Amino acid sequence: MKKVHIKSFGCQMNVYDGQRMADILAGQGYEEVAAPEGADLILLNTCHIRDRAVQKVYTELGKLRDLKNEQKANGQETRIVVAGCVAQAEGAEIQRRQPAVDLVVGPQAYHRLPSLLAEAQRTRVVDTDLPADDKFGYLPAPKPAAIRSRGISAFVTVQEGCDKFCAFCVVPYTRGTEFSRPVAQVLAEIERLADAGVQDVTLIGQNVNAYHGEGPDGRAWGLARLMHRVAEVPGIARIRYTTSHPRDMDDDLIAAHRDLPQVMPFLHLPVQAGSDRILSAMNRKHTADEYRRLIERVRTARPDIALSSDFIVGFPGESEADFAETLRLVEDIGFASSYSFKYSPRPGTPAAELTVQVAPEVMNERLHRLQERIEHHRQAFNHAMVGRTIEVLLERTGRHPGQLAGKSPYLQAVQIETKANQIGDMVKVVIERTGSNSLFGRLAAPEDIAA
Ligand code: 5AD
Ligand code: SF4
């Protein structure tokens, strides 16, 4: 068998796409390997969201060129493929900067990998066509052994692309306009995953709560309706979805957090900033107070829900007063966790044209202050778990022998000592203490559960 090494950068959709590319290549006689050394095919599945992510790709490609030369000296041909959002955004420019690259394939073209690889044997190839057809219809179903090797949690892309056009974001250009997979196709994929032992699915999309896939009745179904069906798939114990836009959080979706026990009490709902002036400049289409009210409604439906967000500091024109509004929002909501980034101008986006850029040292200082508050709230959320009994789905071996690790309903990593359990068990755990990144607990005794 030939060997392929796939390295994914960036978001969860790239993880999913990387797996689907492995499934396609399995049909071409490729076995997936964990390291690039010795591989016949090396595939970088890239991210374009911030400039740093792009620079990482070129650094990595420099190393791969050296490896390709070394392997050639030993008589082995190595082919290098760049896939993902850098491929889409930069196309042939990638091969100009790094001639060792054989093939550039965008996120909407990778179902054509077999024919593109054949073509790339003769010449350098670039395929960054945006969809004329539904690539998902062409992807081979993963084999049960491949599913099992990936564990009991899986990502399933249900929606791709974005029509929101936030002023800072490249996604609408790299992933294209919104597309939702038909309900039947999504369900068939999830049933297959569940048959091979998957219990925990995360439905993914760049703007997943704008999902509007064609239902069996020929009408467009929203995400809530889709989740009601996913919850009926035997074996699926936990459902999450990401990433959502506040404007697409409809009543049905909020109600699903109340009505469906499989839908986990966790919501990643990026707000980006707390100042209405900046939110408007970002083209986010909502105010900070609208976001606050939305969170109130979500909490009414599911009082214990854990919330998470993304933040950008230093968007062009952000003043100290604007930034203070972001800090105020963080205090008001009390997020269980969040990601925060310095603004990075992206070529082709409207914000990149704005001239009033924030100085790098100001951005650094704001990011530092924001992260300090985010961390404070994360720790507080984790500490509040101590003494509570929660359900943990065991997903992997823990850090030390005798430990198993899994996730809480709130997406926290939990480690427990247990000899009586195995991966795939749903167990009740009493949380005893918190570490910097995990919770630690013990199996609950009957009296803990009664309490
Ligand atoms: N600069 C910094 N952060 C960005 N994000 C998206 N575009 C940019 C950018 N140009 C962040 C947003 C988004 C997350 C995935 O990445 O916070 O929600
Ligand atoms: Fe980008 Fe998300 Fe805004 Fe869409 S909603 S443009 S993916 S930040």
* Asked: Hey, which aspartates and glutamates would be in cross-link range of residue 143, C-alpha to C-alpha under 19 Å, not counting anything within fewer than 8 residues on its own chain?
  -> 17, 23, 31, 32, 189, 191, 195, 200
* Structure fact -> Taking max minus min of the Cα coordinates of the chain on each principal axis, largest first, gives extents in Å of 67, 58, 50
* Asked: If amide H atoms are built 1.01 Å from N in the plane of the peptide, which residues on other chains or at least 5 residues away come under 5 Å of the amide H of residue 266?
  -> 306
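Counting other Cβ atoms within 10 Å, keep those with at most 10, restrict to DSSP loop, and tell me which trypsin sites (Lys or Arg not before Pro) in the range 53-153 are left. Mind showing how you got there, number by number?
Numbers: sites: 56, 63, 65, 68, 72, 79, 96, 97, 112, 122, 124, 135, 148, 150; in loops: 122, 124, 150.
Loop-located and lightly packed - 122.
With contacts defined as alpha carbon pairs under 8 Å and 6 or more residues apart, what's the relative contact order of the range 145-383 in percent?
Values: 430 pairs, mean separation 40.3, N = 239.
Result for the range 145-383 is 17 percent.
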* Among the listed pairs 2/56; 164/342; 3/72; 3/407; 7/419; 285/342, those beyond 23 Å (Cα-Cα) -> 2/56; 3/407; 7/419
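Under the definition of Cα pairs under 8 Å and six or more residues apart, what whole-number percent is the relative contact order of the range 77-152? Before the final figure, lay out the partial values.
Working: 87 pairs, mean separation 21.1, N = 76.
28 percent.
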* To do: For the range 212-218, just list the computed ³J(HN,Hα) in residue order, Karplus coefficients 6.51, -1.76 and 1.60, θ = phi - 60°, integers in Hz, with x standing in for Gly and Pro.
  => 8, x, 6, x, x, 8, x
* To do: Sort 25-31, 202-208 for me by packing, meaning the mean count of neighbouring Cβ atoms within 10 Å per residue, highest on top.
  => 202-208, 25-31
* To do: Taking the convex hull of the Cα atoms, report for the range 58-133 its projected area averaged over all directions, in nm².
  => 5.0 nm²
* **Area of residue 368 that stays accessible when all protein chains are in place (1.4 Å probe, Å², to 10)** => 140 Å²
* To do: In debye, nearest 20, what is the charge dipole magnitude of the chain about its Cα centre with +1 on Lys and Arg Cβ and -1 on Asp and Glu Cβ, if you could check?
  => 720 debye
* Structure fact -> Expected vector for the range 248-258, Karplus 3J(HN,Hα) from phi with 6.51, -1.76, 1.60 and θ = phi - 60°, integer Hz, x for Gly and Pro, equals 9, 7, 8, 4, 4, 5, 4, 5, 4, 5, 8
* Asked: At each listed q (0.15 Å⁻¹), what is the log10 of I(q)/I(0) that the Debye formula gives for the range 389-450 modelled as equal alpha-carbon point scatterers?
  -> -0.36
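State the three equivalent ellipsoid semi-axes of the range 128-249, derived from the C-alpha gyration tensor as the square roots of 5 times its eigenvalues, in descending order and whole Å.
Values: eigenvalues 117, 54, 42 Å².
Each semi-axis is the square root of five times an eigenvalue, giving 24, 16, 14 Å.
Accessible area, 1.4 Å probe, largest first: how do 426, 249 sort? Please list the in-between numbers first.
Numbers: 426 70, 249 10 Å².
I get 426, 249, largest accessible area first.
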* Asked: Under a point spin-label approximation (7 Å from Cα along Cα-to-Cβ), what is the residue 191-residue 373 distance to one decimal in nm?
  -> 4.9 nm
* Residue-averaged [θ]222 nm for the chain, counting only DSSP H segments that reach four residues, each worth -39500 (n - 2.57) -> -10500 deg cm²/dmol
* **Relative contact order [Cα under 8 Å, 6+ residues apart], the chain, whole percent** => 9 percent
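Please report, in cubic angstrom per residue, the volume enclosed by the convex hull of the alpha-carbon atoms of the range 163-221. Kindly include the intermediate steps, with their values, before the conclusion.
Numbers: hull volume 5.8 nm³, N = 59.
So the per-residue hull volume is 99 Å³.
The values are calculated or read from the model by the stated rules, or taken from the named source; none is laboratory data. In this text, all values refer to a predicted model and were calculated from it rather than measured experimentally. Note: ideal-geometry Cβ built from the backbone for every residue, glycine included; neighbour counts use all protein chains shown. For accessibility, only protein heavy atoms count, side chains too; no ligands or nucleic acids. Shrake-Rupley method; radii C 1.70, N 1.55, O 1.52, S 1.80 Å.
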